[in-house]
Amino acid sequence: MSERSVLVTGASGYIGSHTCVCLLQNGWRVIGIDNFSNSSPKVIPRIEQIAQLPMSFHRLDIRDTSALSEILRQEHITAVVHFAGLKSVSESVAKPLDYFDNNVCGSVALLRVLQQEGIRKLVFSSSATVYGEPTSVPVTEEASTSATNPYGRSKLMVEQMLSDLINSDATWRIATLRYFNPVGAHESGLIGEDPRDVPNNLMPFIAQVAVGRRPQLQVFGDDYPTVDGSGVRDYIHVVDLARGHLAALDRLLNHAGSFTVNLGTGRGVSVLQAVAAFEQASGRTIPLQRAARRSGDIATCYASATRATELLGWQAEYGLDKMCADHWRWQHNNPDGY
Ligand code: NAD
Ligand code: UDP
């Protein structure tokens with residue numbers, strides 16, 4: 001048995017699946033768990049097909065502590081990457097208790113079992129949403145945090161809980177990764193983002209317009225103080241993001257202590273620039289409709305990515321053209337998802 005075994009919660013989800021591929025390809029034995037509340041069992045064989053390596057998988061809810069303990073005892077886990085959670089801002093406003101139960105209580109349940117089993121290395125999926133409305137860009141990890149909706153609050157609560165846990169027991173080594181806007185797909189076209197309902201996020205929406213599933217894209221806001229009036233974000237290729245988890249795990253294995261880092265490219269891209277790049281990559285026209293600003297949206301958000309480079313030796317490698325080309329290949333090959 002390999003010495004390095006990692007438990008991945010939310011393994012069949014969008015970011016989890018790409019990270020499992022990356023971990024397998026880099027010598028980790030991977031034990032995935034997921035309850036399939038927002039993903040498909042078809043993902044697991046595709047991960048194995050890309051990596052040409054097997055992984056273990058258990059269908060499980062992270063709140064099922066007895067089943068979780070059992071798996072940890074069987075599998076000799078070195079570290080955990082914790083993706084499992086709900087992620088829709090609008091759904092969190094409608095169903096806040098579901099979000100606190102799944103994201104916060106789920107993380108408490110997981111951490112209790114890890115503590116009990118003596119596993120002290122964890123990578124946590126946080127989000128740039130914890131910066132609320134940034135007062136300046138690029139956003140550094142020192143920027144103040146706040147939440148404007150239950151989803152963001154659930155991420156912030158888990159961050160605060162992890163900080164208290166580290167203060168209570170210095171043997172914990174926890175990497176908190178604040179993702180900016182993950183997009184794209186594995187270049188095989190076998191795995192990618194597969195929203196169950198109408199996509200909330202820009203890139204999957206554009207992709208569904210390009211493939212003919214939706215007639216047009218609504219552009220939310222044309223009077224932001226940006227290059228062309230549309231909102232600006234830091235889109236990051238999901239494979240670059242997956243590599244960031246590998247780098248974080250390597251750091252946790254080799255250094256005591258905990259850290260928080262942004263995972264972004266450091267570059268801002270407007271909605272209209274993203275549309276133009278996707279049209280170029282797909283050869284399809286994306287019909288646009290101007291719409292009012294989306295409630296709660298901010299004008300501009302992009303990362304300061306220097307800490308990740310200094311601490312982890314990681315930086316994003318792929319640009320917007322590759323993000324769009326890979327996202328399009330996935331959508332084109334799988335027009336209805338998995
Ligand atoms: P996703 O929905 O594709 O993946 C999450 C996975 O977790 C799904 O497969 C779902 O079935 C599983 N899951 C949910 N609750 C569970 C539970 N209680 N027990 C077991 N499995 C459970 O989402 P993603 O985009 O891959 O996001 C992964 C993580 O990254 C989430 O925590 C999300 O909040 C965070 N994040 C995502 C983004 C983004 O834009 N995609 C940005 C910042 C942070
Ligand atoms: N956006 C848009 N139309 C859509 C979805 C998103 O114009 O159908 C815009 C949104 O207003 C924002 C940007 O695209 O300026 C990114 O939105 P997304 O929801 O993907 O990310 P977030 O706002 O959560 O960073």
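The values are calculated or read from the model by the stated rules, or taken from the named source; none is laboratory data. Note that the structure is predicted; figures quoted are calculated from it, not measured. Reconstructed Cβ throughout: ideal geometry from the backbone, glycine too, with neighbour counts over all protein chains shown. Please note that ligands, DNA and RNA were not included when accessible areas were found on the heavy atoms of the full protein model with its side chains. Shrake-Rupley method; radii C 1.70, N 1.55, O 1.52, S 1.80 Å.
Table for the structure above
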{"item": "Subset tally (residues that are within 16 Å of MET203 (Cα to Cα), in a helix (DSSP H, G or I) and in contact with a Cys (Cβ under 9 Å, 6 or more places away or on another chain)) for the range 231-261", "result": "1"}
{"item": "Within the range 287-313, tally of residues that are in contact with a strand residue (DSSP E or B) (Cβ under 8 Å, 6 or more places away or on another chain), more than 24 Å from GLN218 (Cα to Cα) and more than 16 Å from ligand 1 (Cβ to nearest atom)", "result": "4"}
{"item": "Residue in the range 235-255 that is touching a Leu at 6+ places or on another chain (Cβ under 6 Å), within 15 Å of ligand 1 (Cβ to nearest atom) and under 25 Å from GLU91 (Cβ atoms) present", "result": "yes"}
{"item": "The one condition in (1) among the aliphatic types (A, V, I, L, M); (2) modelled with pLDDT of 95 or more; (3) closer than 30 Å to ALA175 by Cβ that ILE298 fails to fulfil", "result": "(2)"}
{"item": "Filter result for the condition that a residue is touching an Asp or Glu at 6+ places or on another chain (Cβ under 9 Å), more than 30 Å from THR171 (Cα to Cα) and within 16 Å of ligand 2 (Cβ to nearest atom), over GLY264, GLY229", "result": "GLY229"}
{"item": "Residue check, VAL219 free of Cβ contacts under 8 Å to residues at least 60 places away in the same chain, of a type in the set (A, V, I, L, M, F, W, C) and open to solvent by 10 Å² or more (accessible area, probe 1.4 Å)", "result": "no"}
{"item": "Filtered residues of the range 249-284 (kept if under 27 Å from ILE298 (Cα atoms) and either among the acidic types (Asp, Glu) or open to solvent by 60 Å² or more (accessible area, probe 1.4 Å) (or both))", "result": "ARG267, LEU272, GLN273, GLU279, GLN280"}
{"item": "Residues within the range 8-57 that are among the charged types (D, E, K, R), over 20 Å from SER107 (Cα atoms) and not in a helix (DSSP H, G or I), tallied", "result": "2"}
{"item": "Top-ranked residue of the range 21-43 - restricted to ones that are hydrophobic (A, V, I, L, M, F, W, C), within 11 Å of ligand 1 (Cβ to nearest atom) and over 17 Å from LEU72 (Cβ atoms), ranked as surrounded by the fewest Cβ atoms within 10 Å (Cβ to Cβ)", "result": "PHE36"}
{"item": "PRO182 being more than 9 Å from ligand 1 (Cβ to nearest atom) and either open to solvent by 20 Å² or more (accessible area, probe 1.4 Å) or among the aliphatic types (A, V, I, L, M) (or both)", "result": "no"}
{"item": "Given (1) within 14 Å of ligand 1 (Cβ to nearest atom); (2) modelled with pLDDT under 95, number of the condition GLU75 does not satisfy", "result": "(1)"}
{"item": "Conditions (1) open to solvent by 50 Å² or more (accessible area, probe 1.4 Å); (2) away from ligand 1 (no atom under 11 Å from the Cβ); (3) modelled with pLDDT under 95; number of the one not met by GLU70", "result": "(3)"}
